[in-house]
Amino acid sequence: MAYLKIGQLAKKVGCLPSTIHFYTQEGLLKEDSRTQGGYRLYDEKKAVLAIKRIVNLQTKKRYRLSEIIKIIK
């Protein structure tokens, strides 16, 4: 299982690290653990799939973020 820090995950999916922070804060994305230094770690496969789902709901289904939060929570 591969884990990514926020910056690595953001680069992989093509978004800003602040977007990852926001998704985590809103409960759309869950961190799997933290490093000893306190950095959040995300399971690569789970996080990429979750972000793709969010982006799909925003772009193809035209849901607002507030609606997506209700759907996923």
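Just so it is clear, none of the values below were taken in a lab; they were calculated from the coordinates. Fair warning: this is a prediction, and the values are worked out from it, not measured in the lab. Don't worry about glycine lacking a Cβ; one is built from the backbone with ideal geometry, like all the others, and counts go over all protein chains shown.
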Student exercise, the chain dipole from Lys, Arg, Asp, Glu Cβ charges, in Debye to nearest 20: 300
Inter-part distance where region 7-36 and region 46-72 are each reduced to a Cα centre, Å: 14
Net charge over other residues, Cβ less than 10 angstrom from the Cβ of L28 (K, R count +1; D, E count -1): +2
Region 23-35 - phi-based ³J(HN,Hα) in whole Hz, Karplus 6.51/-1.76/1.60, Gly and Pro as x: 4, 5, 4, 7, x, 7, 9, 10, 6, 9, 6, 9, 6
Span per principal axis, largest first, for the Cα atoms of the chain (Å): 38, 21, 20
Degrees, to the nearest 10: 44-59 long Cα axis against longest axis of the chain: 20
Additional length obtainable on full extension of the chain from I72 to C15, 0.36 nm per residue less Cα span: 18.6 nm
Theoretical gain in end-to-end length, R64 to K46 [0.36 nm per residue, Cα-Cα removed]: 4.3 nm
